[in-house]
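The values are calculated or read from the model by the stated rules, or taken from the named source; none is laboratory data. None of these values were measured; they are calculated from a predicted model. As a convention, Cβ positions derive from the backbone with ideal geometry for all residues, glycine included, and neighbour counts pool all protein chains shown. Calculation scope for accessible area: heavy atoms of the full protein, side chains included, ligands and nucleic acids excluded. Shrake-Rupley method; radii C 1.70, N 1.55, O 1.52, S 1.80 Å.
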Amino acid sequence: MLAGPMARRQYPFHLIEPKWQQHWDAEGTFKAFNPGEALPAHHPFAVRHGYSGTAPDAAGLPPKFYILDMFPYPSGAGLHVGHPEGYTATDILARYRRAQGWHVLHPMGWDAFGLPAEQYAIRTGQHPRKTTEANIATFKRQIKSLGFSYDWSREVDTTDPKYFRWTQWIFLQLYHAWFNPATQRAEPISTLSYPAGCETEAQRREYRDARRLAYVSQAPVWWCEALGTVLANEEVIDGRSEVGGHPVVRKPMRQWMLRITAYADRLLADLETIQWSDSLKQMQRNWIGRSEGAEVDFEVVGSGDKIRVFTTRPDTLFGATYMVLAPEHALVERITTVECRAAVERYRSETSSKSDRDRTESVLDKTGVFTGALAINPVNGQHIPIWIADYVLASYGTGAIMAVPAHDTRDYEFATKFGLPIVQVVEPPNGRDWRGFVDDGVAVNSAGPEVCLDGLPTPEAKRRITDWLAAKGLGQRMVNYKLRDWLFSRQRYWGEPFPIVWRTDATGEPWHEALPESALPVMPPALDDYKPTPDGQPPLARATDWVRLPDGAVRELNTMPQWAGSCWYYLRYLDPGNGAGMVGSDAERYWMGSGVARSGGGDAGGKRGVPGVDLYVGGTEHAVLHLLYARFWHKVLFDLGQVTTPEPFFRLVNQGLILGEDGQKMSKSRGNVVNPDDILVEYGADAFRLYEMFMGPLQETKPWSTKGVEGVYRFLGRVWRLFVDEAAETEFEQALAVTEPSQARGLLDRLRLSASVAVGDPTPAQLRALHACIRKVTEDLEGLRFNTAISAMMMFVNEAMTWSTRPAAVLKTFLQLLAPFAPHVSEELWQRLHGHIGQAPGSLGYAAWPEFDPALLVEETVEIPVQVNGKLRDVVRVPAGAGPAEVEAAAKESPKVQAFLADKTLRKVIVVPGKMVNLVVG
RNA sequence: GCCGAUGUGGCGAAAUGGCAGACGCAGGGGACUUAAAAUCCCCUGACCGGAAACGGUCGUGCGGGUUCGAGUCCCGCCAUCGGCACCA
């Protein structure tokens with residue numbers, strides 16, 4: 001991987017980095033404190049903010065800043081260089097905000113339920129717990145070796161019973177709640193009122209169970225034979241499992257569902273209240289897929305049956321020349337005529353055996369059969385044929401459509417293929433062909449006995465016809481969503497068991513019942529074999545003793561999907577040890593920032609956090625699933641009074657992908673995977689962190705370059721040599737070569753700083769260089785422009801290297817700027833520098849962030865580019881405050897410029913003070 | 001097909017509508033060295049002219065436009081990447 005022999009070490013990072021990581025661990029430097037928690041007198045946070053041994057409440061603490069990483073699934077392969085990209089960015093910001101006086105919460109944990117550990121268990125019989133623990137240990141070692149300032153006392157693990165107890169508890173909250181359409185929020189199931197006819201307890205139970213936010217459905221689901229489980233819609237891509245790419249089939253099964261569709265509107269609307277990228281919001285909007293239209297009833301000729309369709313174009317009702325039902329539609333059986341029955345049956349069985357992939361491939365070649373039945377178009381009484389076709393989906397809208405071939409692409413293709421009539425009802429603007437025209441135009445041929453739309457523009461026609469339909473009781477305004485309810489059960493072992501048991505009533509019907517909170521956590525049983533049973537039951541069925549309860553009830557055998565644990569982990573970080581609730585309310589109010597405006601504890605007074613997580617950083621792969629599910633749970637918990645903000649993640653940033661050196665996606669098969677461990681051995685954590693940030697903008701996809709690591713590594717070497725005496729360095733290197741590695745750390749004390757580093761007044765030029773750097777680094781950190789912040793520090797160091805005397809005060813401030821990026825070497829030099837000038841070093845991590853002084857940045861003279869007709873011809877130097885006339889005169893004096901003015905008439909002069917001059921001639 | 005993002009040197013990239021290519025990598029030259037590594041200094045968008053100093057022309061995916069001035073703003077294309085994809 002790393003070509004050539006190991007280069008000479010630029011500085012002893014191999015001693016410095018473990019030293020400071022151990023120091024931070026021992027001191028608990030980055031621990032965050034909950035309201036009411038006692039602050040140790042000598043903790044740097046307490047010292048910085050002037051609390052000594054007190055226990056400030058929320059109002060007394062500084063404003064919070066919650067910086068969250070998407071926690072990893074600890075895979076057996078260990079960390080790859082993509083993980084630490086986001087982690088480094090958040091760590092830099094966490095350290096920066098701490099220095100600014102905010103009270104930073106920056107935690108890490110493990111999303112540790114999941115399939116790989118279970119599949120390993122199936123192969124080897126090793127309990128997933130063991131695999132998981134080993135993988136977590138690897139990940140933790142790797143992450144810790146990068147020197148991130150996590151508060152490890154808040155570490156969470158979704159597979160820890162003390163954690164998943166509360167995952168199960170949240171499920172119970174969903175189970176015990178319903179969505180009240182009148183209030184548009186979740187309420188306890190006890191507020192549900194029963195309609196007349198719900199007399200018996202069995203009837204009431206059925207009514208109630210059908211309205212819970214967590215409910216059981218018999219609907220067809222995606223079954224993956226290879227994985228031995230069902231998958232959510234979102235986990236199926238092109239008829240294959242997202243994980244592993246195995247084939248999946250449709251299969252009716254009894255499954256737990258979560259009623260996320262009830263929240264579709266709020267999930268959509270509240271996107272406006274949060275700071276996410278537009279593209280990410282758009283992806284969520286598309287996924288929710290809200291569309292407005294109308295439902296219209298069509299009567300079937302010769303029967304009382306009505307077919308309800310959903311359409312976004314009720315204005316084209318006069319152009320409906322046939323209808324299509326989904327093959328699975330309930331009415332197909334009833335309306336099909338004797339002559340057509342055989343063909344319909346054949347078509348239905350063909351489509352049901354089709355995989356989703358086959359259906360997708362048939363997009364261009366539409367199929368379908370006539371049922372023999374006719375329907376009546378309510379606007380003009382026309383009889384139109386009813387077909388079935390698999391281009392109509394049973395799961396969307398009503399599973400039936402009115403087909404308007406003139407103005408719908410799919411209907412047009414179908415009608416063309418089967419020779420069905422095509423009638424124009426919309427006149428396109430500017431003379432375009434009306435066939436297949438699907439955009440807005442003006443209604444034509446749309447006059448019936450009772451209603452006429454002719455001449456109306458599309459939006460108005462929609463309104464007119466919808467009002468008419470409503471008045472006649474034939475239809476109504478309707479909103480539909482692509483979003484489906486969330487399939488929440490999996491036939492797996494390594495997941496949270498449901499806190500649910502099943503009982504059988506007198507008639508033999510099974511019904512479900514929640515376990516009491518006192519039964520939590522429901523632990524998974526011990527098993528010898530983690531495979532599903534031969535008869536297709538989930539693996540938990542193998543634990544026969546566990547399944548049967550003494551009172552005759554039977555446990556739910558499904559487990560929850562991996563998303564469950566990651567839906568709320570950001571809340572558990574707030575109060576990870578709480579045994580009485582998922583999160584204490586004081587902690588929740590403080591860290592999620594919904595508490596009252598504080599008077600300003602600490603020295604960050606006046607600052608104010610935002611509601612929710614201040615900054616959440618992670619990959620785009622979670623743009624829809626995790627982020628939508630977590631928002632949904634958060635809103636339910638909000639409705640139920642468990643949390644106090646409507647949205648969990650106020651600001652979200654997606655880090656870009658890191659590609660291999662060859663510009664391809666990193667993968668084992670391509671052999672282009674870069675292991676952070678190798679980089680760390682060679683260049684150290686500080687160089688690694690710096691390079692990950694120097695590569696380019698955080699959000700962008702960019703290729704790895706180990707040569708690039710060497711560049712920032714050389715920069716850190718220059719920083720080192722800016723401080724350290726060359727002779728002492730040589731001595732140190734020689735001593736290091738003959739010292740036992742275990743004793744080597746003590747040698748650090750032999751290092752002396754250069755005599756050029758001294759107490760003394762900086763020159764104006766030195767101050768200007770420093771303050772330009774402060775300004776640039778500070779502004780770039782605010783804008784997450786880490787790459788340009790680093791380049792500013794490089795420029796500072798390049799200049800500082802030329803100074804024969806290096807004022808300690810200037811170097812000290814520079815170390816503060818460098819510290820968030822390269823904390824280990826900064827700490828070491830910070831300590832040495834203070835020793836060198838005979839001062840006690842305060843905690844670098846909590847030293848107040850420097851502010852730049854604009855007055856120091858002012859130059860006496862400035863260079864002004866001179867353009868003639870917009871082209872650069874010369875650069876003149878003028879006094880900094882020079883007025884337009886002065887600048888213009890200087891420009892005209894330039895011989896180079898004069899050459900371009902000769903024989904020309906000066907028509908116009910544009911002077912932008914301090915910026916440029918443009919002389920327009922002709 | 002629809003939605004979104006991105007196109008700048010050999011490479012990663014930088015530029016509130018105002019000196020395009022900062023910073024870094026790679027490359028070239030030099031200093032130090034017996035030599036190499038490391039380090040330090042200089043050069044490095046293309047083309048034309050010039051011995052050189054230097055001067056000129058072109059140049060931010062393509063074509064138009066706005067403007068004294070466009071990588072940046074507007075219109076129309078093209079390409080790459082990501083998401084969705086028979087959602088009525």
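Structure notes:
- Residue selected from region A:404-437 under the condition more than 26 Å from A:Asp467 (Cα to Cα) and open to solvent by less than 10 Å² (accessible area, probe 1.4 Å), by the criterion farthest from RNA strand B (Cβ to nearest atom): A:Ala415
- When region A:711-737 is limited to residues that are near RNA strand B (Cβ under 8 Å from one of its atoms) and open to solvent by 50 Å² or more (accessible area, probe 1.4 Å), the one that is nearest to A:Gly663 (Cα to Cα) turns out to be A:Arg714.
- Residue within region A:33-41 that is in contact (Cβ under 8 Å) with a residue 24 or more places away in the chain and among the aliphatic types (A, V, I, L, M) present: no
- Residue pairs whose Cβ atoms lie under 7 Å apart, separated by 6 or more positions or on different chains, with the first residue in region A:657-671 and in a loop (DSSP other than H, G, I, E, B) and the second more than 12 Å from RNA strand B (Cβ to nearest atom) and open to solvent by 100 Å² or more (accessible area, probe 1.4 Å), are A:Gly660/A:Arg670; A:Gln664/A:Arg670.
- Evaluated against (1) open to solvent by less than 40 Å² (accessible area, probe 1.4 Å); (2) part of a loop (DSSP other than H, G, I, E, B), A:Ala848 falls short on exactly one condition, (1).
- Candidate set: region A:539-557, residues that are open to solvent by 10 Å² or more (accessible area, probe 1.4 Å) and in contact with a strand residue (DSSP E or B) (Cβ under 8 Å, 6 or more places away or on another chain); chosen: the one nearest to A:Leu258 (Cα to Cα): A:Arg555
- Selection over region A:520-539 of residues that are of a type outside the set (Asp, Glu), touching a Pro at 6+ places or on another chain (Cβ under 8 Å) and at pLDDT below 95 gives a count of 8.
- Criterion violated by A:Glu206 - all others in (1) within 30 Å of the chain's Cα centre (by Cα); (2) more than 16 Å from RNA strand B (Cβ to nearest atom); (3) acidic (Asp, Glu) satisfied: (1)
- Among residues that are open to solvent by 30 Å² or more (accessible area, probe 1.4 Å), part of a loop (DSSP other than H, G, I, E, B) and without any contact (Cβ under 8 Å) to a residue 24 or more places away in the chain, A:Thr802 is included.
- Counted residues, region A:351-383 - those being within 48 Å of the chain's Cα centre (by Cα), away from RNA strand B (no atom under 11 Å from the Cβ) and modelled with pLDDT of 85 or more: 7
- Contacts under 8 angstrom Cβ, first residue in region A:620-643 being closer than 18 Å to A:Ala269 by Cβ, partner within 16 Å of RNA strand B (Cβ to nearest atom) and among the charged types (D, E, K, R), 6 or more apart: A:Val624/A:Glu234
- Being open to solvent by less than 50 Å² (accessible area, probe 1.4 Å), in contact with a helix residue (DSSP H, G or I) (Cβ under 9 Å, 6 or more places away or on another chain) and under 27 Å from A:Phe65 (Cα atoms) holds for only one residue in A:Pro648, A:Pro697, and it is A:Pro648.
- Restricting attention to region A:867-915, the residues that are in a strand (DSSP E or B) and open to solvent by less than 40 Å² (accessible area, probe 1.4 Å) total 5.
- Hits in region A:470-493 (condition: among the charged types (D, E, K, R) and more than 16 Å from RNA strand B (Cβ to nearest atom)): A:Lys472, A:Arg490, A:Arg492
- Number of positions in region A:449-466 that are in a helix (DSSP H, G or I), closer than 15 Å to A:Val379 by Cβ and touching a helix residue (DSSP H, G or I) at 6+ places or on another chain (Cβ under 7 Å): 4
- Verdict on A:Glu860 being loosely packed, with under 13 Cβ neighbours inside 10 Å and touching a residue at least 40 places away in the same chain (Cβ under 8 Å): no
- Single residue of A:Val216, A:Val230 found to be closer than 27 Å to A:Phe638 by Cα, more than 16 Å from RNA strand B (Cβ to nearest atom) and out of contact with any helix residue (DSSP H, G or I) (no Cβ under 6 Å at 6 or more places or on another chain): A:Val216
- Residues located in region A:390-403, provided they are of a type outside the set (Val, Ile, Thr) and surrounded by 21 or more Cβ atoms within 10 Å (Cβ to Cβ): A:Asp390, A:Gly397, A:Gly399, A:Ala400, A:Met402, A:Ala403
- Check on A:Leu331, under 21 Å from A:Ala443 (Cα atoms) and either open to solvent by less than 10 Å² (accessible area, probe 1.4 Å) or not polar (S, T, N, Q) (or both): no
- In region A:816-844, the residues that are among the hydrophobic types (A, V, I, L, M, F, W, C) reach residues that are modelled with pLDDT under 95 with C-beta atoms within less than 6 angstrom, at least six apart or across chains, in these pairs: A:Trp830/A:Pro841; A:Ile837/A:Val759.
- Condition broken by A:Phe45, with the remaining ones in (1) part of a loop (DSSP other than H, G, I, E, B); (2) more than 18 Å from A:Leu615 (Cα to Cα) satisfied: (1)
- Candidates are the residues of region A:233-287 that are out of contact with any strand residue (DSSP E or B) (no Cβ under 7 Å at 6 or more places or on another chain), basic (Lys, Arg) and within 13 Å of RNA strand B (Cβ to nearest atom); the one that is nearest to A:Thr620 (Cα to Cα) is A:Lys281.
- Residues located in region A:571-597, provided they are assigned to a helix (DSSP H, G or I) and in contact with a helix residue (DSSP H, G or I) (Cβ under 8 Å, 6 or more places away or on another chain): A:Leu571, A:Arg572, A:Glu588
- Checking A:Ala822, A:Ala789, A:Ala772 one by one, the residue that is surrounded by fewer than 21 Cβ atoms within 10 Å (Cβ to Cβ), within 16 Å of RNA strand B (Cβ to nearest atom) and not assigned by TED's automatic domain parsing to the domain that holds A:Leu906 is A:Ala772 and no other.
- Residue match in region A:842-859 (condition: within 14 Å of RNA strand B (Cβ to nearest atom) and on the phi < 0 side of the Ramachandran plot): yes
- Of all residues in region A:676-709, those satisfying the criterion of being charged (D, E, K, R) and within 9 Å of RNA strand B (Cβ to nearest atom) are A:Glu700, A:Lys702, A:Lys707.
- A single member of A:Gly495, A:Gly419, A:Gly473, A:Gly455 is under 30 Å from A:His127 (Cα atoms) and not hydrophobic (A, V, I, L, M, F, W, C), and it is A:Gly495.
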